[in-house]
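> Attaching a single structure in structure tokens format; questions to follow.
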Amino acid sequence: QVQLVESGGGLVQTGGSLRLSCATSGRTLSSYAMGWFRQPPGKEREFVASISRSGERTRYAVPVKGRFTISRDNAKNTVDLQMNSLKPEDTAVYYCTVIGRGTWGQGTQVTVSS
């Protein structure tokens with residue numbers, strides 16, 4: 001089973017940008033569709049974005065569409081989430097995951113100030 005470690009979170013102002021990265025190890029990354037979820041304070045974990053095994057197809061939650069971009073580099077075993085035009089509503093702990101599996105990283109905190 002693949003192991004996941006998220007990084008890149010931090011505190012930014014409204015309109016700022018962050019790039020999150022998920023480092024993976026274990027089985028070949030290209031074998032899995034990957035995704036990012038987030039958990040705002042006091043709320044349940046919610047879908048953010050996903051990417052197919054080859055990276056040819058992506059899917060985004062409506063609130064982030066046009067602002068966030070998911071990408072993967074199977075050679076480097078990484079899955080990234082570029083977040084632009086950040087809003088306070090984006091504040092959450094962000095997790096990467098193997099789509100359809102109970103596999104998660106430890107999460108990285110993103111805080112967007114007004």
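The values are calculated or read from the model by the stated rules, or taken from the named source; none is laboratory data. As the structure is a prediction and not an experimental result, all values here were calculated from the model. When we count neighbours, we look across all protein chains shown, and the Cβ atoms used for this are built from the backbone with ideal geometry, even at glycine. Surface areas here come from the heavy atoms of the whole protein model, side chains and all, with no ligands, DNA or RNA. Shrake-Rupley method; radii C 1.70, N 1.55, O 1.52, S 1.80 Å.
> Please list, ordered by residue number, the strands (runs of 3 or more DSSP E) wholly in the range 8-104 having 1 or more residues that are more than 30 Å from S114 (Cβ to Cβ).
The strands (runs of 3 or more DSSP E) meeting that bar are 18-25, 34-39, 46-51, 68-73, 78-83, 92-98.
> Further, regarding this structure: Among the listed residues R19, R67, R27, R59, identify the single one that is among the basic types (K, R), out of contact with any Ser or Thr (no Cβ under 7 Å at 6 or more places or on another chain) and at pLDDT 95 or above.
Details: R67 fails: out of contact with any Ser or Thr (no Cβ under 7 Å at 6 or more places or on another chain); R27 fails: at pLDDT 95 or above; R59 fails: out of contact with any Ser or Thr (no Cβ under 7 Å at 6 or more places or on another chain).
None of the other options fit; the residue is R19.
> Separate question: Has the range 34-45 got at least one residue that is touching a Gly at 6+ places or on another chain (Cβ under 6 Å) and either modelled with pLDDT of 95 or more or under 20 Å from A92 (Cα atoms) (or both)?
Checking the range 34-45: not a single residue is touching a Gly at 6+ places or on another chain (Cβ under 6 Å) and either modelled with pLDDT of 95 or more or under 20 Å from A92 (Cα atoms) (or both).
> Also: Between a first residue in the range 70-93 that is over 13 Å from R19 (Cβ atoms) and modelled with pLDDT of 95 or more and a second residue that is surrounded by 15 or more Cβ atoms within 10 Å (Cβ to Cβ) and of a type in the set (F, W, Y), which pairs have beta carbons less than 7 Å apart while being 6 or more apart in sequence or on different chains?
Here the result reads none, with nothing in the range 70-93 linked to a residue that is surrounded by 15 or more Cβ atoms within 10 Å (Cβ to Cβ) and of a type in the set (F, W, Y).
> I would also like to ask the following. Does T111 meet the test of being part of a strand (DSSP E or B), more than 28 Å from Q1 (Cα to Cα), open to solvent by 40 Å² or more (accessible area, probe 1.4 Å) and at pLDDT 95 or above?
yes
> Please determine whether any residue of the range 55-73 is within 19 Å of W104 (Cβ to Cβ) and loosely packed, with under 12 Cβ neighbours inside 10 Å.
The answer is no; no qualifying residue exists.
> Taking the options T97, T103, T78, T91, name whichever one is farther than 19 Å from R27 by Cα, open to solvent by less than 70 Å² (accessible area, probe 1.4 Å) and not basic (K, R).
T91
> What are the pairs with Cβ atoms under 7 angstrom where one residue, in the range 31-45, is touching a residue at least 24 places away in the same chain (Cβ under 8 Å) and the other, located anywhere, is open to solvent by less than 40 Å² (accessible area, probe 1.4 Å) and assigned to a loop (DSSP other than H, G, I, E, B)? Sequence gap at least six, or different chains.
Y32/V2; A33/S52; P40/T91
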